[in-house]
Amino acid sequence: MTERFDALVIGGGLLGCATAWMIARDGGSVLLAERDQVNQHASGQNAGSLHFQLEYRMMEHGIEAAKKAAEAMPLHLEAAKLWQSLPAEAGEDIEVKQSGGLMLAENAEQAALLEQKTEIERSWGLDIEMLDRAGVQRIAPYLSETVVAAAYCPIEGKADTRTAAPALARAAMREGAEVRTRCEVVAMRRERSGWRVTLADGAGERREIAAGAIVIAAGVWTTAVGEMIGAELPTIPLALTMTTTLRVPRFVSHLVQHAGARLSLKQALDGNVLIGGGWPARLMRTSDGRPDFEARPELLRESLAGNAAAAIGVVPRLAGIPALRSWVGTTTVTPDQLPLVGPVPGAPGAFVATGGSAFTLGPSFAEVLTDLVAGRAPSTELSSFDPQRYQEARA
Ligand SMILES: Cc1cc2nc3c(=O)[nH]c(=O)nc-3n(C[C@H](O)[C@H](O)[C@H](O)COP(=O)(O)OP(=O)(O)OC[C@H]3O[C@@H](n4cnc5c(N)ncnc54)[C@H](O)[C@@H]3O)c2cc1C
């Protein structure tokens with residue numbers, strides 16, 4: 001007998017685990033298939049920032065680009081609410097702390113950019129205010145006096161990347177979801193009333209299952225999984241660098257970002273300061289020039305130095321705190337920097353979400369996917385994120 005599920009979720013990162021949990025809670029039978037282990041890739045390697053302001057990468061190309069990126073703000077606002085209630089609703093001790101985030105300006109030009117940015121964000125309903133130098137020092141005395149202004153968003157914060165996805169996988173299982181690791185989706189074909197999917201286990205043994213709907217939550221593998229069903233789901237891979245310091249008594253109480261530099265930093269509850277913000281690592285390539293996601297990207301000395309300089313520049317105390325470990329991970333953005341969320345074009349009953357800050361936005365992506373799987377209209381307007389836009393651009 002072929003096993004049947006209402007939904008198959010492909011990928012056991014934060015997004016896949018959150019989606020499986022929400023579908024199961026919604027009463028659907030769901031199988032989560034993860035090729036490796038839960039949380040082994042981007043979701044377990046990232047910085048854990050819950051950033052609801054527009055990030056530096058969304059502003060560095062000017063204010064028009066920032067306005068476009070702000071179209072995702074409804075997903076940010078929903079994610080902020082969902083993260084807050086996630087530990088209680090999932091019944092798991094997920095380290096979520098939303099104690100505020102600051103985006104810093106060290107000169108008048110950056111301060112003016114922040115003024116424009118906050119105006120856009122406020123127009124979408126984000127709670128955000130500008131602080132002057134004295135205001136910054138009042139709430140964040142650990143910052144350098146070179147910081148002349150900051151955009152302060154009280155709902156920003158962080159979550160623990162080591163525990164969040166596994167906690168949601170456990171919550172999904174408690175709701176009746178099946179989670180299979182070392183279980184790779186290798187082929188899918190559309191049938192009259194759903195999908196027939198071929199799974200391969202770690203030993204290469206194959207079996208087929210049937211699923212009413214499929215959810216692609218495959219991170220950097222989204223494009224490749226889309227190709228299995230003839231769909232164009234364009235993503236751009238980015239290999240990035242992270243560093244953590246030794247544990248020190250807590251002194252950084254916010255998520256800190258910068259309006260003119262690649263920087264995000266925060267202090268974990270156990271005292272390590274996590275430093276990142278988009279500094280590149282070198283993505284490996286296969287012999288035919290395609291990105292090789294199986295190979296670890298190369299850590300670049302200049303990224304480590306640049307990231308450390310950016311961090312020490314605004315938090316001078318970091319100069320005296322040894323780094324403990326640096327690592328790399330690979331994530332995706334889309335060609336227009338907006339998330340890719342919605343039905344897969346030409347593949348009825350297949351849905352996808354990826355792109356950008358899919359850790360921060362994972363819960364709101366999962367909520368949308370759960371609605372789509374159940375045949376409900378999502379409460380968030382999705383037209384800007386619809387994968388169909390790339391089909392139309394090609395036509
Ligand atoms: C260094 C770094 C720092 C970052 N910092 C932040 C941050 O601070 N805040 C933020 O919001 N975002 C951040 N990001 C981005 C964020 O990590 C990702 O957007 C997010 O984790 C993606 O989650 P996901 O579940 O979609 O993908 P992943 O976590 O990559 O999971 C996808 C899973 O799909 C599985 N899979 C793929 N193909 C198949 C298949 N055929 N069959 C079965 N399984 C399959 C993979 O094995 C993988 O486990 C960062 C990323 C990096 C690399």
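The values are calculated or read from the model by the stated rules, or taken from the named source; none is laboratory data. Note that the structure is a prediction, hence the values are computed from the model and not measured. Backbone-built Cβ (ideal geometry, glycine too); neighbour counts: all protein chains shown.
Here are the numbers:
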read-out	value
Residue match in the range 50-61 (condition: surrounded by fewer than 19 Cβ atoms within 10 Å (Cβ to Cβ) and over 18 Å from the mean Cα position of the chain (by Cα))	yes
Residue match in the range 318-338 (condition: modelled with pLDDT under 95 and either acidic (Asp, Glu) or surrounded by fewer than 16 Cβ atoms within 10 Å (Cβ to Cβ) (or both))	yes
Flag for ALA319 being over 30 Å from THR235 (Cβ atoms), among the aliphatic types (A, V, I, L, M) and in a helix (DSSP H, G or I)	yes
Extreme residue, surrounded by the most Cβ atoms within 10 Å (Cβ to Cβ), among residues of the range 88-130 that are part of a strand (DSSP E or B) and not small (Gly, Ala, Ser)	MET103
Any chance ALA171 is within 17 Å of the chain's Cα centre (by Cα), under 30 Å from ASP6 (Cβ atoms) and within 16 Å of the ligand (Cβ to nearest atom)	no
Residue selected from the range 13-49 under the condition under 13 Å from the mean Cα position of the chain (by Cα) and closer than 17 Å to ALA224 by Cβ, by the criterion farthest from the ligand (Cβ to nearest atom)	GLY16
Residues satisfying the stated conditions in the range 1-12, i.e. away from the ligand (no atom under 11 Å from the Cβ) and part of a loop (DSSP other than H, G, I, E, B)	MET1, THR2
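Residue-wise test of (1) within 12 Å of the ligand (Cβ to nearest atom); (2) surrounded by 18 or more Cβ atoms within 10 Å (Cβ to Cβ).
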| position | (1), (2) |
| --- | --- |
| THR222 | yes, yes |
| GLU232 | no, no |
| ALA239 | yes, yes |
| THR243 | yes, yes |
| SER253 | no, no |
| HIS258 | no, yes |
| ALA261 | no, yes |
| ILE275 | yes, yes |
